1. Under 1.5 on a/c is rounded, so check that first for the protein assembly as shown, then, if it is not, pick prolate when a/b is larger than b/c and oblate when it is not; a ≥ b ≥ c are the square roots of the alpha carbon gyration tensor eigenvalues.
2. Is the shape of the range B:669-819 best called rounded, prolate or oblate, per the rule: a/c under 1.5 gives rounded, else a/b larger than b/c gives prolate, else oblate, with a ≥ b ≥ c the square roots of the Cα gyration tensor eigenvalues?
3. Share of antiparallel DSSP beta bridges in chain B, in percent to the nearest 5?
4. Relative contact order for chain B: what is it in percent, counting Cα pairs under 8 Å that are at least 6 residues apart?
5. Taking Cα pairs under 8 Å and at least six residues apart, what relative contact order does the range B:669-819 come out at, in percent?
6. Given a Förster distance of 22 angstrom, what is the FRET efficiency for residue B:188 paired with residue B:67, based on the Cβ-Cβ distance and rounded to 0.05?
7. Of all the C-alpha pairs in the range A:48-145, what % are more than 21 Å from each other?
8. Checking the a/c ratio against 1.5 first, then a/b against b/c, what shape does the Cα gyration tensor give for the range A:114-196?
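Only the coordinates and a few stated rules stand behind these numbers; no lab work does. The structure presented is a predicted model; accordingly, all values stated were derived computationally and were not measured. We place every Cβ from the backbone using ideal geometry, glycine too, and count neighbours over all the protein chains shown.
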């Protein structure tokens, strides 16, 4: 192994003192640089403030993404670290949080709407419009067939119990609020979230 | 949470992460914070290092929290009520309770009806045939004006204090040791450490998580802890509290927004089927004070309810139609919880199901039942950023998911959604902080946000109803949809809506305008019941004001040096950080101790290092109680009719118990398990006995993994690649198992296979004259993703829930272990 040190680095190292002097004595002499110093990887990254999506501590995280801002460039996240300003986490992340980048970039991320037709053994890619229209059709048909406006005692109940929903534990408040609003307007009562389990 | 609200008034973590550093004693029980909440746990270490605090861990396993504890005591899973009940009795009998706090801030002095009683494990009013209580006798005695009678000397034989004393007197150290398997000397050591926090200037905080909720008696375990903290005067104080460490990043928010079968946003509730009259519905929930002059804040229920209806239905909600009361779905069952739902699904009574970021095949008990139930659906919609086992429940994965694909007729849609890094919005952490975050990059492929998926389905249904007509459609056709791009409601628009705004000028009692039409409301005090305000979630009012989004605030300064960063994000309610903080001061308004002070009375108003959780101008002479959501203004030792299985906690055995009967009531089979629990017939048939499955098992998390998500991440897969179970050394020796052997763990409901970790961390316990071994089973791993393929842990777990919440009993069940 040869250790290549540019003149400029050599003088910087010189400030360290003894160790460098002895390195020079061992024969490491400065050589001309063939390339510049490697740039800091995060230079030029866009930093976005976020929160870890796993447990309920809510650690602050910084997402580093790059795209050059040109109109046809797409940002891509390539580094995640703790937010040192966050009063709870103060820059720390646990092994789960430290792996957030691998979650964002996981091979298991879904990319397209798909359907598995009854009895078949495969996923079929479909368009968003097809997916949402077919789902809306199923829901309307089931709702029309099973909606209860009055129960056996003659009480007005206006509920629908044959389609249900589980809401996400890591979705935003805004998603949750919209879910609640829509679900109740449809009369749905079979609704739970992860807090139940 | 169902244990906290009946005691303190709200079901949420009472203090916050950073405040843990102010504690003198930290009791971690029913949780493993070092492992499950590692970064929050740093504040425990901070308390140990800089506040000379001690840490106690009581757990079936010597876990990673125990590894840094000052004291560890082992306990049999599911026996925490006995442990804490014995502690309560010890405190009372040795007179180590905070007398002034108990007298002024709790219901100890209130007198209970004469016909209330408890005998051989059952409270009065039990209907054995239906497994239900008539709670009529679980009430205070009232005077002619409807106020509870009291005896401030606490000597009346029917005052709450005396009833509690008698109730827990059966939990002697010997009895507790026999039930819990905790050696007597360890029991006593923990109890003495806890008792030392009874003084004014010392506080204990209790940290718990799913290790308490996931039992058939979970809510009552939490209530026992809450009662303990009231007796010691540790509520409302710095470094005190009962701190529910939520499991997921926004479970708190989803609960706050009412995404549970019976709830509406802000802990309001849907009407029952027989609540046909709007005024009666409101009256029932506008709880009046039970002691004269108490705040009893739920008295304003109608303001929050009408504001919600205005947010949802806009101009269609009028006084004349009772603000669209008939449009709200009404409940014919107490809960349409997930156990109830999958029971119905298994009978073919449910046709469609939508799983949004939720993986029930992996997350619900008794996988075989879940599979059978999903197979009966007509359609299943899975909205998720990741592949999940649920979306592929129909796919044969060999021994891990051995299904007959061709026979499964369910149509399954799998819709890709954004992950946290690709969307704007807020989540609520365990400390009730609403923190806003921003999208950093676009999602992969064609993934879109959940809001766009929901809007896409809803708007299509709306159009179909316009075109075709159909079942009752007034509510869905009139749903307020004030979004600039209807197919993509933005996070900002939705957040402004749940905060709320004035529809007309809002005036106070002196006719001063407090909020002009069109302005955002500043707090829930501005909401009105006359239709002049709209607010989608009253407890969030204040998070998005005329000054803008308060959730994005990033001032981390701590001017009082006590860990209260009031300028960081926004905390519900009203940016208060420590709940019930009025109780940090004496009845006369001065702090119990300077080093524990939160708010105090300055002669004119309440001030301090936090936003007072109290009317700021209510002078101490008015003697209003600090638990402002409760009708008594006080912390409730006596839960009245708010708990299913009794106003005081009582130990009942897990539904799968490793011993023959409940040692507290050996001769009453009705009191063996929780008498208020709901058990479906097919689930009861699937309970195993200790003769066949002799070992107590419990499930838990690891620090390297999060549920069934991180097995899709390379880094986490490298850190913990393969499924294992923990077996104590003694049992392993008996079974001839050595470290690294593969074992089969079976329950009545199925089996899993895993690598055996033989450990000293789980010791055999002596319980009711029998040796009980406990098996530790991490919940992680499955057959998708980057880790080694494995069975899902919930193949093993029983389908029975807590009597109040129906949270499944994942933490106590029976298994057998065989070497492979």
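1. Numbers: a/c = 1.19, a/b = 1.11, b/c = 1.08.
The shape class here is rounded.
2. Here the range B:669-819 falls in the oblate category.
3. Numbers: 47 of 88 bridges.
Taking every DSSP beta bridge within chain B, about 55 percent pair in antiparallel fashion.
4. Worked out over chain B, it gives 17 percent.
5. Rounded, it is 35 percent for the range B:669-819.
6. Once the sixth-power term is evaluated, E becomes 0.45.
7. Numbers: 2761 of 4753 pairs.
The calculated P(r) of the range A:48-145 puts 58 percent of pairs beyond 21 Å.
8. Values: a/c = 2.20, a/b = 1.35, b/c = 1.64.
Taking the square roots of the gyration eigenvalues as a ≥ b ≥ c, the range A:114-196 is oblate.
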